[in-house]
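Undergrad: What follows is a structure written as structure tokens; I'll ask about it next.
The values are calculated or read from the model by the stated rules, or taken from the named source; none is laboratory data. Bear in mind the structure is a predicted one, so any value in this text is a computation, not a measurement. Cβ placement follows ideal geometry from the backbone for every residue including glycine, while neighbour counts extend to all protein chains displayed. Quick note on the areas: whole protein, heavy atoms, side chains included, nothing else; ligands and nucleic acids left out. Shrake-Rupley method; radii C 1.70, N 1.55, O 1.52, S 1.80 Å.
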Amino acid sequence: MAERRGSAKERTVDRVYDSVREAILAGGHSGEERLTEEMLAERYGVSRTPVRAALQKLESDGFVDMIPRVGAVVKRRTLAEVAEIYEVRSLLESHAAGLAATRRRNEDVDTLKRLQDDMDRIGGNGDVEGLSTLNRDFHTVILEASGNRTLLGSTTRLMEIGFLVHTYGNLGRRDVARSFTEHRNLIEAIGSRDAEWATSIMRGHLLGTRNALTQIMSDRRTG
């Protein structure tokens, strides 16, 4: 994690946030498990105020749901929810990729290349969260290059970092390699200003990830 600076209160919130998130990613908290403020405050030796703020950040990043009269519950995606998210993303982001191909700046293409270079560099070291963050940034650059703020706002909500971390945590090496190749093809299509090509690649890219992910998740739950 990058070094954080700020007040003692902010550092405490960050510490609780990091600890709970890492426990969720490591499987220390099962899906749909309730996380109470009292339990976490006692565990980390802090008051309930920073715990409440940390849980709000975890909700924003897609790791927990805040349910009225229940509190924080560890988020667990069903196969149907995962499929639906990727289906909607394929519709929205394929359109965004086509727009980006006609509206992009040279700096956008350079940024996409740099992000994919970074993904290639860390792809084999098991840094799932790092890959997830870079992947989100890659797709966000394309959305921003589309020039359509509604597309950007709608799709960003579907790319919660928690959801993306769990996605990369489930994908195998072959699927990750396929994803990287498709990213390179997207860069080439957008760089050449070919809207139809960019649209087609993005749609296939996201639907391919949907199919791979739902198959892997289905096999694990029935195995």
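Undergrad: Rounded to whole Hz and in sequence order, give me ³J(HN,Hα) for segment 108-115 from the Karplus expression 6.51 cos²θ - 1.76 cosθ + 1.60, θ = phi - 60°, writing x for Gly and Pro.
TA: 5, 5, 4, 5, 4, 4, 5, 5
Undergrad: Please work out the FRET efficiency for the pair Met39 and Asp65, using the Cβ-Cβ distance as r and a Förster radius of 22 Å; give the result to the nearest 0.05.
TA: 0.85
Undergrad: Jot down the radius of gyration and Dmax of segment 14-69, Cα atoms only, both in angstrom.
TA: 10.3, 27
Undergrad: What accessible area per residue comes out for the chain, rounded to a whole number of Å², with a 1.4 Å probe?
TA: Per-residue value: 52 Å².
Undergrad: Counting only protein heavy atoms and a 1.4 Å probe, tell me what percentage of the chain's accessible area is made up of carbon and sulfur.
TA: 48
Undergrad: Right, something else. Report, to two decimal places, the Cα Rg of segment 68-223 normalised by 2.2 N^0.38 Å (N = number of residues).
TA: Scaled against compact globular proteins, the figure is 1.04.
Undergrad: Let me ask something else. Applying a 10 Å radius around every beta-carbon, put 69-78, 180-189 in order of their mean neighbour count, most first.
TA: 180-189, 69-78
Undergrad: Assuming R0 = 22 Å, can you tell me the calculated FRET efficiency for the pair Ala26 and Asp137, based on Cβ-Cβ distance, to the nearest 0.05?
TA: According to the calculation, E is roughly 0.35.
Undergrad: Turning to a different aspect of this structure: Once the piece of chain linking Asn106 and Ser218 is laid out straight, how much longer is it, given 0.36 nm per residue of separation minus the C-alpha distance between them?
TA: Computed gain between Asn106 and Ser218 is 36.2 nm.
Undergrad: Would you kindly state how much longer the chain becomes between Thr181 and Thr156 on full extension, computed as 0.36 nm times their sequence separation minus their alpha carbon distance, in nm to one decimal?
TA: Separation in residues times 0.36 nm, less the Cα-Cα distance, equals 6.7 nm.
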